[in-house]
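Before any comments, here is the structure.
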């Protein structure tokens, strides 16, 4: 790999945010790979591997969701909860990830999430 290709790849990386406002409450998200048992923290969505999972902390709820294996998606689900950065319908939406919950009745509740932008003033 040439040095130019390497430098260019640093600028193209899709870096997922870690803090969001979901339904007016702070949500933190951390993606870890575990293919080799190292639990490495992911800072580029292109590096998510088959052993990846996301840890979500929100509204007194702590979730650890495994990566889903849907082609063309970057999402994590335990079939009750869904956290998605990319899907086939909306494409890449890492600043407004999809956060959904399936209730026991089968109803799907969509929680509105957006990137938390801190005021710099």
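Just so it is clear, none of the values below were taken in a lab; they were calculated from the coordinates. This one's a predicted model, so the numbers in the text were calculated from it and none came from an experiment. All Cβ positions, glycine included, derive from the backbone under ideal geometry; neighbour counts span all protein chains shown.
A few remarks follow.
- Legend: calculated FRET efficiency, residue 41 to residue 115, from the Cβ-Cβ distance at R0 = 22 Å, rounded to 0.05, equals 0.75.
- A straight chain from residue 61 to residue 49 at 0.36 nm per residue would run longer than the Cα-Cα distance by 1.8 nm.
- Residue exposure proxy: 71, 25, ordered by other Cβ atoms within 10 angstrom of their Cβ from fewest to most, comes out as 71, 25.
- Cα gyration tensor shape of region 14-115, rounded if a/c is under 1.5, else prolate or oblate by comparing a/b with b/c: rounded
- In plain terms, the residue of 38, 23 with the fewest other Cβ atoms within 10 Å comes first and the most crowded comes last, giving 38, 23.
- Cut-off 17 Å (backbone N to label point 7 Å along Cα→Cβ of residue 23), residues of region 73-92: 78-84
- Considering only alpha-carbon pairs that sit under 8 angstrom and 6 or more positions apart, the relative contact order computed for region 14-115 is 21 percent.
- Förster-model FRET efficiency, 25 Å R0, residue 95 and residue 71, C-beta, rounded to 0.05: 0.65
- Ranked list, fewest to most other Cβ atoms within 10 Å of each Cβ, for 78, 87: 78, 87
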